[in-house]
Each structure stands twice: as C-alpha cells, then as structure tokens.
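Visitor: Below you will find the structure I want to go over with you.
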Amino acid sequence: MKKIEAIIKPFKLDEVKEALQDVGVQGLSVVEVKGFGRQKGHTELYRGAEYVVDFLPKVKVECVVGDEQVDPALEAITAAARTDKIGDGKIFVSTVDQAIRIRTGEEGEDAL
Amino acid sequence: MKKIEAIIKPFKLDEVKEALQDVGVQGLSVVEVKGFGRQKGHTELYRGAEYVVDFLPKVKVECVVGDEQVDPALEAITAAARTDKIGDGKIFVSTVDQAIRIRTGEEGEDAL
Amino acid sequence: MKKIEAIIKPFKLDEVKEALQDVGVQGLSVVEVKGFGRQKGHTELYRGAEYVVDFLPKVKVECVVGDEQVDPALEAITAAARTDKIGDGKIFVSTVDQAIRIRTGEEGEDAL
Ligand SMILES: Nc1ncnc2c1ncn2[C@@H]1O[C@H](COP(=O)(O)OP(=O)(O)OP(=O)(O)O)[C@@H](O)[C@H]1O
Ligand SMILES: Nc1ncnc2c1ncn2[C@@H]1O[C@H](COP(=O)(O)OP(=O)(O)OP(=O)(O)O)[C@@H](O)[C@H]1O
Ligand SMILES: Nc1ncnc2c1ncn2[C@@H]1O[C@H](COP(=O)(O)OP(=O)(O)OP(=O)(O)O)[C@@H](O)[C@H]1O
Ligand SMILES: [Mg+2]
Ligand SMILES: [Mg+2]
Ligand SMILES: [Mg+2]
C-alpha cells in the first residue's frame, strides 16, 4: 500500500476529489496547510492579487491506496490539479506497512 | 520505529489519547482533517443529523512509537475508537527512519 | 528522498523556515497541530503562563528533501528550534518513494 500526499491549490480540491473517485479511490483525508515552493521571495498570483510567496494557503489531500491504484491516482491528481501556473503543487508517495478499518477490524488492502 | 496515524471521530479523541497513554505512549500530535470513506454519496449520522458524506470532520492522531509498542497501540486505538457505526475510522502504520528530541539531541527510540 | 517532519513551538516557525532556506531547502508545508510529549500531566510554560500539558498548540513543518540535504536540514531545524526549555519539539524522518511537481511533470529529486 502507498500513501499519496498531494499539496494543491485549495480551489482544485473538488476536481481532484472527483478525479480520484473516478479511478476508484474510496477514501481520503484533507488537511489545510500553508507553504511555499521555489518562488519564495517572488510573487505568485492568488485570488487575482500578486502575493509575496511566503506561506500561501494550500490543501493537502492524503489517500492510502493499493499498489495497483498508485499510477492511476497520480495521473488523476496531476491532470485535475494542473493550471499551468506556478504553485500548482507537489505530490509525494510513500510506503504504508499496515492499514486497519476500525469498525470491521479488516487489515491490509481490504481495509482501504 | 513506526508512525501510527489514526483518523477517528472527533468525540473519541480523549478516549483514544487515554488508551494510548495506558499502553505507555509518551507523545502524540493531533491534526484536524476532513474526509470520507466508502459511504461517499450515502449518509452518515453526525451529531444526531443525517449528513451526505462529503467530507466529514475527523481528527488524525499521529504517534511515533518503538517497534514493540506498535501492537499494543493499535489494539488500544481500535478498542477506544470503535462505536460499531460507520465512520469509525482508519489506522495506517508506516516506518520512521529517525527521530530527534530537539531539547536534548537524543536520537532513535530514546528520543520518543 | 526523505520527508522531515518537525513539530516545534509556533513562535519558532520563522526562524526554522529561514534556517532551512539557508541550507537550500526550496519548499515546505506547515500544519497546525496540538500535542504533548513526556510532561503530560505536568506543567509547561506557554506564553508566560503555566499550563497543564494536555494538548499544547504546536506547528508541524514538513519538507521533502534530497538525501544529501537531510543532515544539514536536521541540524538547521535543531539549532533554530531549540530554546533549552521543555516542549522544544521532535523531528521525524521517513522515506519518500516518489515526488512529482504538478506543473512541469518533473519526478524524483528534480521535482523538489
Ligand atoms: N519540498 C517540499 N516539501 C514539502 N512541501 C513542499 C515542497 N515543495 C512544495 N511544497 C508544498 O507544495 C506547495 C506548492 O508548491 P509549488 O507548486 O509552488 O512548488 P514549485 O516547485 O514552486 O513549483 P512551481 O514552479 O510550479 O510553482 C507549497 O506551497 C508547499 O506547501
Ligand atoms: N483510503 C484512505 N486514505 C486516507 N484516508 C482515509 C481513507 N479511508 C478513510 N480515510 C479517512 O478515514 C475517515 C474515516 O473513514 P471511514 O471509517 O468512514 O472508512 P470506511 O472504509 O468508510 O469504513 P466504515 O464502513 O466503517 O465507515 C475518512 O473520513 C477519511 O478521513
Ligand atoms: N512520540 C510522538 N509522536 C508524535 N508526536 C510527538 C511525539 N512526541 C512528541 N510529539 C509532538 O511533539 C511536540 C513536542 O514534544 P516535546 O518537545 O514536549 O517532547 P518531549 O519528549 O516531552 O521533550 P521535552 O522533555 O524537551 O519537552 C508534542 O506537543 C507533540 O505534538
Ligand atoms: Mg511554486
Ligand atoms: Mg465510512
Ligand atoms: Mg515535552
């Protein structure tokens, strides 16, 4: 199992969520973050205004998926989150050793 | 060392925290998240009302523990978080390579 | 690639951010958390007042870096976050399998 963390523009959350559901992702969590990437010190357009890029609001979408779902999920996120303007975001993938669905006690990919 | 991430119902936080402390967990962090699992599009009971399950508020408890604490911690969380109703949550376990306690400079399991 | 998660005192965020930038870290994300460490049940000084340590506000800084940046980043965070008082925080390091820069499609360390 893999955890996919995608830090995206907040207004893209619904599109990314739908794209993930379209490839079969059954659950996800969203956290509000603030951050910056390579333009730190330069400006980024946010809500029509030029901002100094020092901690812009982003949302982080976290979903744990089975190994065979990783590539479709990455393609779905990338396509849905892209605006071709700076600040579109980053995706990080890491390994998950175990998953448990609390209500049923199911483990592993069955728990997702 | 392992990181345990438990996404639970917010009103269960105190019980989960106490259950973890009872098995010797010495530190944890809590983040507010919103999310959904398999009932997306169906309804889940939240504060007595029927909700369309499109991002319900949850809390994520994160704790890094020594390898021998993983199983007791998972049992503690599962028992404390379960209500037997949908939406009880998910637990994910992943590997942590290094830990540092900033004040003392201790590293590894000594730092937890 | 490694993910560094540093849970620090909120007023130390700017110093930690600058210390990371000084060693070449190009991006990071910040999440508000609440948590406790080993003094649970004892008191910790927060904004000049004695608090019972039951979930104090902290910030979690997350940055994904190339392997050769891990040690400088850990030293930067430790030096910048330390006050030598309890509650200075914890740093956790874990492995990241893949990174994608959404706008450009770059992958791996090139994406950071
Ligand atoms: N190395 C990193 N570690 C952790 N979070 C990061 C990292 N790089 C970027 N982020 C997060 O992703 C968000 C979006 O980054 P962003 O898309 O601006 O990256 P970028 O490399 O500057 O790409 P672009 O040139 O397209 O803007 C940041 O605000 C931050 O929250
Ligand atoms: N695959 C996943 N990846 C990341 N977060 C998830 C995933 N599945 C669930 N979550 C998070 O856990 C929360 C609780 O999930 P939930 O307990 O509803 O899972 P479920 O599979 O639908 O089980 P149940 O049938 O008992 O409701 C969600 O709101 C979401 O925040
Ligand atoms: N094992 C852990 N897992 C996850 N988060 C932790 C853990 N330990 C501490 N934290 C987080 O780090 C924050 C700061 O911890 P803290 O610095 O108080 O650790 P400590 O071991 O008590 O060290 P000190 O004695 O210097 O206070 C906590 O509020 C919590 O959010
Ligand atoms: Mg950028
Ligand atoms: Mg559910
Ligand atoms: Mg402490």
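Only the coordinates and a few stated rules stand behind these numbers; no lab work does. Fair warning: this is a prediction, and the values are worked out from it, not measured in the lab. Quick reminder, even Gly has a Cβ in these numbers, built from the backbone with ideal geometry, and neighbours come from all protein chains shown.
Visitor: Take the protein assembly as shown, compute every pairwise Cα distance, and split them into 10 Å bins from 0; I just need the percent in each bin.
Guide: Histogramming the protein assembly as shown at 10 Å steps yields 6, 26, 35, 25, 8, 0 percent.
Visitor: Summing +1 for each Lys or Arg and -1 for each Asp or Glu, what net charge is found among the other residues whose Cβ lies under 13 Å from the Cβ of A:D71?
Guide: Computed value for this residue: -4.
Visitor: OK, next. Assume the label is 7 Å from Cα along Cα to beta carbon: what separations in nm does B:G66 have to the matching positions in the other copies?
Guide: 3.7, 3.7
Visitor: With r as the distance between the Cβ atoms of B:E68 and A:R38 and R0 = 35 Å, compute the FRET efficiency 1/(1 + (r/R0)^6) and round to 0.05.
Guide: Efficiency at R0 = 35 Å is approximately 0.25.
Visitor: Determine the alpha carbon to alpha carbon distance for each of A:K12/B:K40; A:K58/B:K60; B:K90/C:K85; B:K3/B:K90 and list only those over 25 Å.
Guide: B:K90/C:K85
Visitor: Could you tally the net charge around C:Q98, taking each other residue with its Cβ under 9 Å from the Cβ of C:Q98, Lys/Arg +1 and Asp/Glu -1?
Guide: -1
Visitor: Run the helix sum for chain C: -39,500 (n - 2.57) per DSSP H stretch of 4+ residues, divided by residue count, reported at 222 nm to the nearest 500 deg cm²/dmol.
Guide: So the helix-based figure for chain C works out to -6000 deg cm²/dmol.
Visitor: Using the crude model of +1 on Lys and Arg Cβ and -1 on Asp and Glu Cβ, and no other charge, please compute the dipole size for the protein assembly as shown relative to its Cα centre, in debye to 20.
Guide: With only Lys, Arg, Asp and Glu charged at Cβ, the dipole is about 1240 debye.
Visitor: Rounding to the nearest 10 and keeping the result within 0 to 90°, find how far the Cα-based axis of helix C:70-81 lies from the longest principal axis of chain C.
Guide: The angle comes out at about 30 degrees.
Visitor: Return the sequence-ordered ³J(HN,Hα) values of segment C:59-66 in whole Hz as given by the Karplus equation 6.51 cos²θ - 1.76 cosθ + 1.60 applied to θ = phi - 60°, using x for Gly and Pro.
Guide: 10, 9, 9, 10, 9, 9, 9, x
Visitor: Find every distance from the label point of C:P10 to the corresponding label point in the other copies (7 Å from Cα along Cα→Cβ) and write them in nm, one decimal, shortest first.
Guide: 1.7, 1.7
Visitor: Sticking with the crude label model, points 7 Å out along Cα→Cβ, report the distance from A:T104 to B:D22 in nm, one decimal please.
Guide: 2.7 nm
Visitor: So how many Å³ per residue does the convex hull of the Cα atoms of segment B:2-111 work out to?
Guide: Convex hull of Cα atoms, per residue: 104 Å³.
Visitor: Between C:P72, A:A76, C:F11, whose Cα lies farthest towards the positive end of the dipole of the protein assembly as shown when Lys and Arg beta carbons carry +1 and Asp and Glu beta carbons carry -1, centred on the Cα centre?
Guide: About the Cα centre, the residue reaching furthest to the positive side is C:F11.
Visitor: With θ set to phi - 60° and the Karplus curve 6.51 cos²θ - 1.76 cosθ + 1.60, what are the ³J(HN,Hα) couplings of segment C:27-34 in order, to the nearest whole Hz, using x for Gly and Pro?
Guide: Rounded to whole hertz, the list is x, 7, 10, 10, 10, 7, 10, 10.
Visitor: Where does helix C:13-22 land angle-wise versus the long Cα axis of chain C, in degrees 0 to 90, nearest 10?
Guide: Roughly 30 degrees between the two axes.
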